[in-house]
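Notes follow once the structure below has been shown.
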């Protein structure tokens with residue numbers, strides 16, 4: 001089983017309360033085969049965290065990187081029998097909807113939280 005946890009804000013390095021919640025949730029998730037996909041202005045290189053770097057932390061640039069996020073999640077989950085996608089951040093509903101829409105088309109049998 002593989003789990004992809006997606007966040008459209010900085011989770012690591014932890015700087016905000018929401019970042020702390022998502023980071024702690026990620027590390028307490030009971031599956032060993034998991035990845036955190038985050039959109040950030042920082043260059044992050046940490047095991048199990050996939051960082052998509054933004055040029056500027058503005059909504060327009062987040063829209064531009066959505067295809068990259070979708071591709072990286074697809075590449076990570078495609079060969080697993082059981083796939084779980086967890087989207088964090090209710091205020092980012094547009095980005096979440098786009099990711100869900102395309103991943104449901106690309107990946108069969110995906111469970112979305």
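Can you tell me how many residues within region 58-69 are in contact (Cβ under 8 Å) with a residue 24 or more places away in the chain and more than 20 Å from residue 33 (Cβ to Cβ)? It would help to see each step written out before you state the result.
Of the residues in region 58-69, the ones in contact (Cβ under 8 Å) with a residue 24 or more places away in the chain are 62-63, 65-66, 69.
Retained after the next criterion (residues that are more than 20 Å from residue 33 (Cβ to Cβ)): 62-63, 65-66.
Residues in region 58-69 being in contact (Cβ under 8 Å) with a residue 24 or more places away in the chain and more than 20 Å from residue 33 (Cβ to Cβ): 4 in total.
What tally of residues in region 80-90 results from selecting those that are under 20 Å from residue 42 (Cβ atoms) and loosely packed, with under 12 Cβ neighbours inside 10 Å? Give the steps one after another, and end with the answer.
As a first pass, look at region 80-90 and keep what is under 20 Å from residue 42 (Cβ atoms): 88-89.
From what's left, loosely packed, with under 12 Cβ neighbours inside 10 Å: none.
Here the count works out to 0.
Out of the residues in region 80-93 that are at pLDDT 90 or above and over 16 Å from residue 38 (Cβ atoms), which is nearest to the chain's Cα centre (by Cα)?
Within region 80-93, the subset at pLDDT 90 or above is 80-87.
Within this subset, residues satisfying the condition of being over 16 Å from residue 38 (Cβ atoms) are 80-84.
On the way: 80: 17, 81: 19, 82: 17, 83: 13, 84: 11 Å.
Going through the qualifying residues, I end up with 84.
Any chance region 79-93 includes a residue that's without any contact (Cβ under 8 Å) to a residue 60 or more places away in the chain and over 21 Å from residue 15 (Cβ atoms)? First the steps, then the outcome.
Applying the first criterion (without any contact (Cβ under 8 Å) to a residue 60 or more places away in the chain) to region 79-93 yields 79, 90-91, 93.
From the residues that got through so far, the ones that are over 21 Å from residue 15 (Cβ atoms) too are 79, 93.
Yes, that holds for at least one residue.
Given the criterion touching a helix residue (DSSP H, G or I) at 6+ places or on another chain (Cβ under 7 Å) and over 15 Å from residue 113 (Cα atoms), identify the matching residue among 63, 73, 55, 44.
Values: 63 fails: touching a helix residue (DSSP H, G or I) at 6+ places or on another chain (Cβ under 7 Å); 73 fails: over 15 Å from residue 113 (Cα atoms); 44 fails: touching a helix residue (DSSP H, G or I) at 6+ places or on another chain (Cβ under 7 Å).
One residue alone meets the criteria, 55.
The values are calculated or read from the model by the stated rules, or taken from the named source; none is laboratory data. These numbers were taken from a predicted model, which means no experiment stands behind them. With ideal geometry, Cβ positions are generated from the backbone for all residues, glycine too; neighbour counts draw on all protein chains shown.
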